[in-house]
Amino acid sequence: MIDLRPIMLIVGALLATLGSAMMVPALIDLAEGNPDWQIFTASALLTMMVGFSSWAVARGAPAGLSVREAFIMTVFAWVVLAAFGALPIYWSGVVPSYTDAFFEAMSGITTTGATVITGLDTAPPGILFWRGLLQWLGGLGIIFMAIAVMPMLQVGGMQLFKAEAFHAADKILPRATQISGIMTIIFLSMTAACAFAYAAAGMTLIDAAIHAMTTVATGGFSSKDASIGHYDSAAIDWIAIVFMCLGSLPFLIYIRILQTRSLTFLKDDSQVHTFFAFLIIFSLTIWLYERYLHIHPGPDSLRYAVFNIVSVMTGTGYANDDYNAWGTFSAALFFMVMFIGGCSSSTSCGVKIFRFQIMFQDIRQHLNRMLYPNGVFVKTYNGRPLEDSVSAAVMTFFFLYLVCVVGLTILLSLTGLDDMTALSGAATAISNVGPGLGEIIGPAGNFKDLNNTAKWLLAFGMLLGRLELFTVLVLFLPKFWRD
(Lines give C-alpha, C1' and ligand atoms only; values in the text may rest on other atoms or scores of the structure.)
Protein backbone atom coordinates (compact mmCIF):
# COMPACT_ATOMS: atom_id res chain seq x y z
CA MET A 1 0.00 0.00 0.00
CA ILE A 2 1.34 3.39 -1.02
CA ASP A 3 1.33 5.89 1.85
CA LEU A 4 0.77 9.41 0.50
CA ARG A 5 1.54 11.17 3.77
CA PRO A 6 5.36 11.22 3.42
CA ILE A 7 4.89 12.47 -0.16
CA MET A 8 2.56 15.25 1.00
CA LEU A 9 5.01 16.16 3.76
CA ILE A 10 7.93 16.59 1.37
CA VAL A 11 5.96 18.30 -1.39
CA GLY A 12 4.34 20.61 1.17
CA ALA A 13 7.77 21.67 2.46
CA LEU A 14 8.97 22.26 -1.10
CA LEU A 15 5.89 24.36 -1.92
CA ALA A 16 6.41 26.44 1.22
CA THR A 17 9.99 27.03 0.14
CA LEU A 18 8.88 28.00 -3.36
CA GLY A 19 6.32 30.43 -1.94
CA SER A 20 8.97 32.02 0.27
CA ALA A 21 11.22 32.40 -2.78
CA MET A 22 8.47 34.35 -4.57
CA MET A 23 8.91 37.15 -2.06
CA VAL A 24 12.34 37.97 -3.52
CA PRO A 25 11.01 39.13 -6.93
CA ALA A 26 8.15 40.81 -5.04
CA LEU A 27 10.67 42.94 -3.15
CA ILE A 28 12.55 43.68 -6.39
CA ASP A 29 9.36 44.89 -8.09
CA LEU A 30 8.43 46.89 -5.01
CA ALA A 31 11.84 48.60 -5.01
CA GLU A 32 11.49 49.33 -8.74
CA GLY A 33 7.95 50.70 -8.31
CA ASN A 34 6.43 47.95 -10.45
CA PRO A 35 2.89 46.90 -9.44
CA ASP A 36 3.71 43.24 -10.08
CA TRP A 37 4.91 43.01 -6.48
CA GLN A 38 1.25 42.51 -5.53
CA ILE A 39 0.99 39.54 -7.92
CA PHE A 40 4.10 37.93 -6.49
CA THR A 41 2.89 38.51 -2.95
CA ALA A 42 -0.50 36.95 -3.69
CA SER A 43 1.17 34.00 -5.44
CA ALA A 44 3.55 33.56 -2.52
CA LEU A 45 0.78 33.57 0.07
CA LEU A 46 -1.31 31.06 -1.90
CA THR A 47 1.66 28.77 -2.52
CA MET A 48 2.81 28.89 1.11
CA MET A 49 -0.74 28.30 2.35
CA VAL A 50 -1.10 25.16 0.21
CA GLY A 51 2.38 24.03 1.18
CA PHE A 52 1.93 24.49 4.91
CA SER A 53 -1.53 22.89 4.74
CA SER A 54 -0.12 19.83 3.00
CA TRP A 55 2.71 19.64 5.53
CA ALA A 56 0.33 20.01 8.48
CA VAL A 57 -2.05 17.31 7.24
CA ALA A 58 0.82 14.87 6.71
CA ARG A 59 2.70 15.71 9.91
CA GLY A 60 3.43 12.60 11.89
CA ALA A 61 3.89 10.48 8.77
CA PRO A 62 6.39 7.62 9.07
CA ALA A 63 9.98 8.54 8.27
CA GLY A 64 11.41 7.41 4.95
CA LEU A 65 9.98 6.48 1.57
CA SER A 66 9.56 3.18 -0.18
CA VAL A 67 10.92 2.92 -3.72
CA ARG A 68 7.44 3.33 -5.22
CA GLU A 69 6.74 6.34 -3.02
CA ALA A 70 10.07 7.87 -4.04
CA PHE A 71 9.11 7.61 -7.71
CA ILE A 72 5.74 9.27 -7.07
CA MET A 73 7.23 11.97 -4.86
CA THR A 74 9.89 12.90 -7.43
CA VAL A 75 7.50 13.29 -10.36
CA PHE A 76 4.73 14.88 -8.30
CA ALA A 77 7.11 17.42 -6.78
CA TRP A 78 8.40 18.65 -10.14
CA VAL A 79 4.91 18.93 -11.63
CA VAL A 80 3.45 20.74 -8.62
CA LEU A 81 6.39 23.15 -8.36
CA ALA A 82 6.01 24.03 -12.04
CA ALA A 83 2.24 24.46 -11.65
CA PHE A 84 2.60 26.92 -8.76
CA GLY A 85 5.72 28.54 -10.21
CA ALA A 86 3.62 29.45 -13.25
CA LEU A 87 1.12 31.53 -11.24
CA PRO A 88 3.02 34.85 -11.10
CA ILE A 89 4.03 34.46 -14.76
CA TYR A 90 0.38 34.02 -15.79
CA TRP A 91 -1.14 36.61 -13.47
CA SER A 92 1.43 39.24 -14.48
CA GLY A 93 0.11 39.17 -18.05
CA VAL A 94 3.49 38.65 -19.76
CA VAL A 95 2.00 35.52 -21.39
CA PRO A 96 -1.54 35.18 -22.77
CA SER A 97 -2.47 31.81 -21.26
CA TYR A 98 -1.74 29.43 -18.40
CA THR A 99 -0.40 26.99 -21.00
CA ASP A 100 2.38 29.44 -21.82
CA ALA A 101 2.99 30.14 -18.12
CA PHE A 102 3.25 26.43 -17.29
CA PHE A 103 5.56 25.87 -20.26
CA GLU A 104 7.81 28.69 -19.04
CA ALA A 105 7.79 27.45 -15.45
CA MET A 106 8.49 23.84 -16.46
CA SER A 107 11.28 25.06 -18.70
CA GLY A 108 12.67 26.97 -15.73
CA ILE A 109 12.40 24.31 -13.03
CA THR A 110 13.87 21.65 -15.37
CA THR A 111 16.65 24.10 -16.41
CA THR A 112 15.69 23.66 -20.07
CA GLY A 113 15.70 27.31 -21.08
CA ALA A 114 13.08 27.22 -23.85
CA THR A 115 10.95 30.34 -23.63
CA VAL A 116 7.65 31.69 -24.96
CA ILE A 117 8.21 35.24 -23.73
CA THR A 118 9.23 38.01 -26.12
CA GLY A 119 10.23 41.55 -25.24
CA LEU A 120 12.53 40.43 -22.42
CA ASP A 121 14.54 43.65 -22.71
CA THR A 122 11.55 45.61 -21.37
CA ALA A 123 9.88 42.94 -19.22
CA PRO A 124 9.23 43.64 -15.50
CA PRO A 125 12.34 43.02 -13.37
CA GLY A 126 10.49 40.72 -10.97
CA ILE A 127 9.43 38.35 -13.76
CA LEU A 128 12.96 38.26 -15.18
CA PHE A 129 14.40 37.52 -11.74
CA TRP A 130 11.74 34.87 -11.06
CA ARG A 131 12.60 33.01 -14.26
CA GLY A 132 16.25 32.99 -13.21
CA LEU A 133 15.41 31.94 -9.66
CA LEU A 134 13.26 29.06 -10.94
CA GLN A 135 16.22 27.72 -12.88
CA TRP A 136 18.55 28.20 -9.92
CA LEU A 137 16.21 26.26 -7.62
CA GLY A 138 15.75 23.61 -10.30
CA GLY A 139 19.51 23.24 -10.70
CA LEU A 140 20.01 22.81 -6.97
CA GLY A 141 17.14 20.32 -6.85
CA ILE A 142 18.50 18.21 -9.69
CA ILE A 143 21.90 17.93 -7.98
CA PHE A 144 20.26 16.74 -4.77
CA MET A 145 18.10 14.29 -6.72
CA ALA A 146 21.08 12.92 -8.68
CA ILE A 147 22.99 12.31 -5.46
CA ALA A 148 20.21 11.12 -3.15
CA VAL A 149 17.30 9.74 -5.20
CA MET A 150 18.47 8.41 -8.57
CA PRO A 151 21.08 5.97 -7.19
CA MET A 152 18.47 4.56 -4.82
CA LEU A 153 15.98 4.11 -7.66
CA GLN A 154 18.66 2.61 -9.94
CA VAL A 155 17.56 4.82 -12.82
CA GLY A 156 19.50 4.51 -16.07
CA GLY A 157 22.70 3.21 -14.50
CA MET A 158 22.78 5.75 -11.68
CA GLN A 159 23.24 2.88 -9.20
CA LEU A 160 26.87 3.12 -10.26
CA PHE A 161 27.14 6.15 -7.96
CA LYS A 162 25.36 4.64 -4.97
CA ALA A 163 28.62 4.20 -3.06
CA GLU A 164 29.40 7.85 -3.63
CA ALA A 165 26.00 9.16 -2.60
CA PHE A 166 23.81 8.97 0.47
CA HIS A 167 24.11 5.20 0.60
CA ALA A 168 27.65 5.68 1.89
CA ALA A 169 27.32 9.20 3.18
CA ASP A 170 29.62 8.51 6.12
CA LYS A 171 32.52 8.59 3.67
CA ILE A 172 31.63 12.09 2.53
CA LEU A 173 29.92 13.81 5.47
CA PRO A 174 28.31 12.33 8.58
CA ARG A 175 24.72 13.18 7.72
CA ALA A 176 22.63 13.62 4.58
CA THR A 177 21.49 17.03 5.82
CA GLN A 178 25.11 18.14 5.93
CA ILE A 179 25.59 17.04 2.32
CA SER A 180 22.57 19.05 1.17
CA GLY A 181 23.72 22.00 3.30
CA ILE A 182 27.23 22.08 1.92
CA MET A 183 25.91 21.63 -1.64
CA THR A 184 23.75 24.71 -1.17
CA ILE A 185 26.73 26.68 0.14
CA ILE A 186 28.86 25.60 -2.84
CA PHE A 187 26.05 26.47 -5.26
CA LEU A 188 25.53 29.86 -3.64
CA SER A 189 29.25 30.63 -3.63
CA MET A 190 29.62 29.66 -7.27
CA THR A 191 26.61 31.80 -8.21
CA ALA A 192 27.96 34.80 -6.26
CA ALA A 193 31.37 34.48 -7.94
CA CYS A 194 29.72 34.30 -11.36
CA ALA A 195 27.53 37.34 -10.63
CA PHE A 196 30.55 39.34 -9.46
CA ALA A 197 32.45 38.42 -12.64
CA TYR A 198 29.51 39.38 -14.88
CA ALA A 199 29.10 42.71 -13.08
CA ALA A 200 32.81 43.42 -13.42
CA ALA A 201 32.53 42.66 -17.15
CA GLY A 202 29.82 45.29 -17.63
CA MET A 203 26.42 43.81 -16.75
CA THR A 204 24.04 45.66 -14.46
CA LEU A 205 23.67 44.13 -11.00
CA ILE A 206 20.21 42.68 -11.70
CA ASP A 207 21.29 41.23 -15.05
CA ALA A 208 24.46 39.84 -13.48
CA ALA A 209 22.43 38.10 -10.77
CA ILE A 210 19.92 36.65 -13.25
CA HIS A 211 22.58 35.39 -15.65
CA ALA A 212 24.69 34.01 -12.80
CA MET A 213 21.75 31.91 -11.55
CA THR A 214 20.98 30.55 -15.01
CA THR A 215 24.64 29.99 -15.93
CA VAL A 216 25.59 27.96 -12.86
CA ALA A 217 22.31 26.03 -13.15
CA THR A 218 23.09 25.48 -16.87
CA GLY A 219 19.56 26.70 -17.55
CA GLY A 220 20.02 29.45 -20.13
CA PHE A 221 17.18 31.87 -19.32
CA SER A 222 18.33 35.39 -20.10
CA SER A 223 16.96 38.84 -19.39
CA LYS A 224 17.59 39.79 -23.03
CA ASP A 225 15.88 38.66 -26.21
CA ALA A 226 19.28 38.18 -27.88
CA SER A 227 20.54 36.14 -24.90
CA ILE A 228 24.25 36.61 -24.11
CA GLY A 229 24.70 37.88 -27.68
CA HIS A 230 23.04 41.11 -26.54
CA TYR A 231 26.26 42.18 -24.82
CA ASP A 232 28.63 41.30 -27.69
CA SER A 233 31.41 41.00 -25.12
CA ALA A 234 34.32 38.57 -25.25
CA ALA A 235 34.81 38.89 -21.48
CA ILE A 236 31.17 37.97 -20.74
CA ASP A 237 31.31 35.05 -23.17
CA TRP A 238 34.43 33.56 -21.53
CA ILE A 239 32.99 34.04 -18.03
CA ALA A 240 29.87 32.15 -19.15
CA ILE A 241 32.04 29.38 -20.63
CA VAL A 242 33.93 28.91 -17.36
CA PHE A 243 30.85 28.75 -15.14
CA MET A 244 28.83 26.61 -17.56
CA CYS A 245 31.67 24.09 -17.36
CA LEU A 246 31.82 24.33 -13.57
CA GLY A 247 28.08 23.68 -13.34
CA SER A 248 28.49 20.58 -15.52
CA LEU A 249 31.09 18.89 -13.30
CA PRO A 250 30.11 16.43 -10.52
CA PHE A 251 29.27 18.44 -7.41
CA LEU A 252 30.48 15.57 -5.23
CA ILE A 253 33.97 16.49 -6.42
CA TYR A 254 33.57 19.98 -4.98
CA ILE A 255 32.52 18.51 -1.63
CA ARG A 256 35.57 16.28 -1.56
CA ILE A 257 37.89 19.10 -2.58
CA LEU A 258 36.60 21.17 0.35
CA GLN A 259 37.14 18.25 2.71
CA THR A 260 40.58 17.21 1.54
CA ARG A 261 41.93 20.56 0.27
CA SER A 262 43.19 18.58 -2.72
CA LEU A 263 42.45 18.50 -6.45
CA THR A 264 43.33 14.83 -6.86
CA PHE A 265 39.66 13.92 -7.36
CA LEU A 266 39.65 15.91 -10.59
CA LYS A 267 42.58 13.83 -11.79
CA ASP A 268 40.96 10.53 -10.83
CA ASP A 269 37.46 11.05 -12.27
CA SER A 270 37.37 9.86 -15.88
CA GLN A 271 34.04 11.67 -16.41
CA VAL A 272 35.82 15.00 -16.12
CA HIS A 273 38.53 13.99 -18.60
CA THR A 274 36.00 12.74 -21.16
CA PHE A 275 33.79 15.80 -20.70
CA PHE A 276 36.61 18.21 -21.53
CA ALA A 277 37.90 15.95 -24.33
CA PHE A 278 34.47 16.13 -26.01
CA LEU A 279 34.35 19.92 -25.58
CA ILE A 280 37.81 20.36 -27.10
CA ILE A 281 37.15 18.05 -30.06
CA PHE A 282 33.80 19.60 -30.99
CA SER A 283 34.99 23.17 -30.41
CA LEU A 284 38.01 22.68 -32.65
CA THR A 285 35.81 21.09 -35.30
CA ILE A 286 33.41 24.03 -35.39
CA TRP A 287 36.29 26.51 -35.17
CA LEU A 288 38.02 25.00 -38.22
CA TYR A 289 34.68 24.95 -40.03
CA GLU A 290 34.17 28.66 -39.24
CA ARG A 291 37.67 29.50 -40.43
CA TYR A 292 37.16 27.53 -43.64
CA LEU A 293 33.91 29.34 -44.50
CA HIS A 294 35.08 32.72 -43.06
CA ILE A 295 31.99 32.90 -40.83
CA HIS A 296 33.77 34.90 -38.11
CA PRO A 297 37.03 36.73 -38.78
CA GLY A 298 40.12 36.64 -36.59
CA PRO A 299 40.35 35.27 -33.03
CA ASP A 300 36.61 35.79 -32.41
CA SER A 301 35.93 32.60 -34.36
CA LEU A 302 37.38 30.49 -31.52
CA ARG A 303 35.23 32.28 -28.95
CA TYR A 304 32.03 31.74 -30.94
CA ALA A 305 32.89 28.08 -31.49
CA VAL A 306 33.73 27.32 -27.85
CA PHE A 307 30.84 29.32 -26.41
CA ASN A 308 28.13 27.70 -28.49
CA ILE A 309 29.51 24.17 -28.18
CA VAL A 310 29.76 24.51 -24.38
CA SER A 311 26.29 26.07 -24.19
CA VAL A 312 24.59 23.34 -26.22
CA MET A 313 26.52 20.37 -24.83
CA THR A 314 25.97 21.38 -21.20
CA GLY A 315 22.29 22.03 -21.94
CA THR A 316 22.53 25.71 -20.98
CA GLY A 317 21.13 27.00 -24.25
CA TYR A 318 22.67 30.48 -24.31
CA ALA A 319 23.45 31.88 -27.74
CA ASN A 320 25.82 34.64 -28.84
CA ASP A 321 25.12 34.03 -32.53
CA ASP A 322 22.64 32.16 -34.72
CA TYR A 323 24.66 28.97 -35.34
CA ASN A 324 21.66 27.70 -37.30
CA ALA A 325 22.81 30.07 -40.09
CA TRP A 326 26.36 28.69 -40.22
CA GLY A 327 25.43 25.93 -42.65
CA THR A 328 24.08 22.39 -42.68
CA PHE A 329 27.24 20.85 -41.19
CA SER A 330 27.03 23.19 -38.21
CA ALA A 331 23.32 22.45 -37.68
CA ALA A 332 23.95 18.71 -37.84
CA LEU A 333 26.87 18.89 -35.39
CA PHE A 334 24.98 21.01 -32.87
CA PHE A 335 22.01 18.64 -33.14
CA MET A 336 24.30 15.73 -32.25
CA VAL A 337 26.05 17.63 -29.44
CA MET A 338 22.79 18.51 -27.68
CA PHE A 339 22.32 14.86 -26.72
CA ILE A 340 25.62 14.51 -24.86
CA GLY A 341 25.21 16.53 -21.65
CA GLY A 342 27.64 16.87 -18.76
CA CYS A 343 28.66 14.73 -15.80
CA SER A 344 26.52 12.91 -13.26
CA SER A 345 25.49 14.79 -10.08
CA SER A 346 25.74 18.10 -11.95
CA THR A 347 23.16 20.61 -13.14
CA SER A 348 23.61 19.62 -16.79
CA CYS A 349 21.28 17.35 -18.70
CA GLY A 350 21.27 15.11 -21.76
CA VAL A 351 22.42 11.50 -21.86
CA LYS A 352 25.41 12.25 -19.55
CA ILE A 353 29.09 11.51 -20.10
CA PHE A 354 29.29 8.40 -17.91
CA ARG A 355 26.74 6.57 -20.06
CA PHE A 356 28.84 7.12 -23.18
CA GLN A 357 31.85 5.79 -21.28
CA ILE A 358 29.96 2.67 -20.23
CA MET A 359 28.65 2.12 -23.75
CA PHE A 360 32.24 2.36 -25.05
CA GLN A 361 33.33 -0.21 -22.46
CA ASP A 362 30.56 -2.58 -23.59
CA ILE A 363 31.49 -2.16 -27.25
CA ARG A 364 35.19 -2.69 -26.55
CA GLN A 365 34.49 -5.83 -24.49
CA HIS A 366 32.27 -7.22 -27.24
CA LEU A 367 34.91 -6.59 -29.93
CA ASN A 368 37.63 -8.16 -27.79
CA ARG A 369 35.50 -11.27 -27.27
CA MET A 370 34.97 -11.53 -31.01
CA LEU A 371 38.72 -11.46 -31.58
CA TYR A 372 39.64 -13.61 -28.58
CA PRO A 373 36.69 -15.92 -27.73
CA ASN A 374 38.55 -17.56 -24.85
CA GLY A 375 39.86 -14.33 -23.34
CA VAL A 376 38.67 -12.76 -20.11
CA PHE A 377 37.90 -9.04 -20.41
CA VAL A 378 36.69 -7.09 -17.39
CA LYS A 379 34.85 -3.81 -17.89
CA THR A 380 35.93 -1.07 -15.49
CA TYR A 381 34.81 2.42 -14.58
CA ASN A 382 37.20 4.69 -12.67
CA GLY A 383 39.34 1.65 -11.91
CA ARG A 384 36.46 -0.41 -10.44
CA PRO A 385 34.83 -3.46 -12.07
CA LEU A 386 31.61 -2.59 -13.86
CA GLU A 387 28.61 -4.75 -13.04
CA ASP A 388 26.50 -6.15 -15.88
CA SER A 389 23.39 -4.66 -14.27
CA VAL A 390 24.80 -1.16 -14.76
CA SER A 391 25.63 -1.87 -18.41
CA ALA A 392 22.13 -3.25 -18.99
CA ALA A 393 20.53 -0.20 -17.38
CA VAL A 394 22.61 2.17 -19.49
CA MET A 395 21.92 0.37 -22.77
CA THR A 396 18.21 0.31 -21.92
CA PHE A 397 18.40 4.04 -21.22
CA PHE A 398 19.99 4.70 -24.64
CA PHE A 399 17.27 2.71 -26.39
CA LEU A 400 14.46 4.37 -24.43
CA TYR A 401 15.98 7.81 -25.03
CA LEU A 402 15.85 7.23 -28.78
CA VAL A 403 12.31 5.86 -28.59
CA CYS A 404 11.13 8.89 -26.59
CA VAL A 405 12.70 11.37 -29.03
CA VAL A 406 11.15 9.59 -32.02
CA GLY A 407 7.78 9.23 -30.27
CA LEU A 408 7.65 12.89 -29.23
CA THR A 409 8.71 13.94 -32.74
CA ILE A 410 5.78 12.03 -34.23
CA LEU A 411 3.33 13.54 -31.76
CA LEU A 412 4.63 17.06 -32.45
CA SER A 413 4.36 16.45 -36.20
CA LEU A 414 0.71 15.47 -35.71
CA THR A 415 0.07 18.92 -34.18
CA GLY A 416 1.11 20.53 -37.47
CA LEU A 417 4.79 21.33 -36.89
CA ASP A 418 7.24 20.91 -39.75
CA ASP A 419 9.73 18.06 -39.60
CA MET A 420 12.75 20.13 -38.54
CA THR A 421 10.84 21.92 -35.76
CA ALA A 422 9.25 18.68 -34.52
CA LEU A 423 12.51 16.71 -34.45
CA SER A 424 14.70 19.41 -32.93
CA GLY A 425 11.91 20.41 -30.52
CA ALA A 426 11.62 16.85 -29.24
CA ALA A 427 15.40 16.53 -28.95
CA THR A 428 15.91 19.84 -27.19
CA ALA A 429 13.01 19.22 -24.76
CA ILE A 430 14.11 15.73 -23.71
CA SER A 431 17.76 16.83 -23.62
CA ASN A 432 16.73 19.99 -21.66
CA VAL A 433 18.84 22.22 -23.90
CA GLY A 434 16.47 25.07 -24.81
CA PRO A 435 16.81 26.31 -28.39
CA GLY A 436 16.20 23.90 -31.23
CA LEU A 437 16.93 24.19 -34.94
CA GLY A 438 15.13 26.00 -37.73
CA GLU A 439 13.66 29.47 -38.04
CA ILE A 440 10.89 29.04 -35.45
CA ILE A 441 12.60 27.55 -32.36
CA GLY A 442 16.24 28.04 -33.36
CA PRO A 443 18.67 30.19 -31.34
CA ALA A 444 17.25 33.30 -33.02
CA GLY A 445 13.61 32.38 -32.28
CA ASN A 446 11.50 31.02 -29.44
CA PHE A 447 8.53 28.73 -28.74
CA LYS A 448 5.81 31.40 -28.58
CA ASP A 449 4.20 30.60 -31.95
CA LEU A 450 3.75 26.88 -31.32
CA ASN A 451 0.22 25.63 -30.71
CA ASN A 452 -0.94 24.79 -27.18
CA THR A 453 -0.90 21.04 -27.76
CA ALA A 454 2.72 21.18 -28.85
CA LYS A 455 3.62 23.25 -25.78
CA TRP A 456 2.05 20.70 -23.41
CA LEU A 457 3.84 17.88 -25.21
CA LEU A 458 7.15 19.72 -24.97
CA ALA A 459 6.57 20.46 -21.28
CA PHE A 460 6.07 16.73 -20.74
CA GLY A 461 9.25 16.09 -22.72
CA MET A 462 11.18 18.46 -20.47
CA LEU A 463 9.94 16.63 -17.37
CA LEU A 464 10.71 13.27 -18.97
CA GLY A 465 14.29 14.23 -19.81
CA ARG A 466 15.02 15.97 -16.53
CA LEU A 467 13.88 13.00 -14.46
CA GLU A 468 15.87 10.50 -16.55
CA LEU A 469 12.91 8.93 -18.41
CA PHE A 470 12.33 5.87 -16.20
CA THR A 471 11.22 7.91 -13.19
CA VAL A 472 8.25 9.25 -15.16
CA LEU A 473 7.43 6.33 -17.46
CA VAL A 474 7.28 3.77 -14.65
CA LEU A 475 4.18 5.55 -13.33
CA PHE A 476 2.32 4.56 -16.52
CA LEU A 477 2.75 0.85 -15.83
CA PRO A 478 -0.39 -0.73 -14.26
CA LYS A 479 1.85 -3.09 -12.32
CA PHE A 480 3.39 -0.11 -10.49
CA TRP A 481 0.07 0.68 -8.80
CA ARG A 482 -0.77 -2.86 -7.77
CA ASP A 483 -0.13 -3.87 -4.17
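The values are calculated or read from the model by the stated rules, or taken from the named source; none is laboratory data. Bear in mind that the values here come from a model prediction, so they are computed numbers and not experimental data. Note that each Cβ is placed from the backbone with ideal geometry, even for glycine, and that neighbours are counted across all protein chains shown. Keep in mind that these areas ignore ligands, DNA and RNA; they rest on the heavy atoms of the full protein, side chains included. Shrake-Rupley method; radii C 1.70, N 1.55, O 1.52, S 1.80 Å.
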With a 1.4 Å probe and all protein chains in place, put E104, E32 in order of accessible area, largest first. E32, E104
With a 1.4 Å probe and all protein chains in place, put R261, R5 in order of accessible area, largest first. R261, R5
Two-site label geometry, A277 and Y98: point separation in nm, points 7 Å out along Cα→Cβ: 5.0 nm
Check which residues have an amide H placed less than 5 Å from Y381's amide H, if you skip close sequence neighbours. L386
Order by accessible surface, 1.4 Å probe, largest leading, for residues S344, S180, S20 comes to S20, S180, S344
Rounded if a/c under 1.5, otherwise prolate or oblate - the chain, Cα gyration tensor axes: rounded
Heavy atoms of the protein only, probe of 1.4 Å, neighbouring chains included. What is the accessible area of I228 in Å², nearest 10? 0 Å²
Sort region 238-377 into rounded, prolate or oblate with this rule: let a ≥ b ≥ c be the square roots of the eigenvalues of the Cα gyration tensor; rounded if a/c is under 1.5, and if a/c is not under 1.5, prolate when a/b is larger than b/c, oblate otherwise. oblate
Nearest-0.05 FRET efficiency for H294 and S53 at R0 = 45 Å, using Cβ-Cβ distance, is 0.10
What accessible area, in Å² to the nearest ten, does a 1.4 Å probe give for E468? 20 Å²
Which distance in nm do the two modelled labels at R482 and R369 give, with both placed 7 Å along the Cα-to-Cβ direction? 3.2 nm
Can you count the Lys pairs in the chain whose Cα atoms are under 24 Å apart, with each pair 8 or more apart or on different chains? 10
How large is the accessible surface of H366 in square angstrom, using a 1.4 angstrom probe and rounding to the nearest 10? 110 Å²
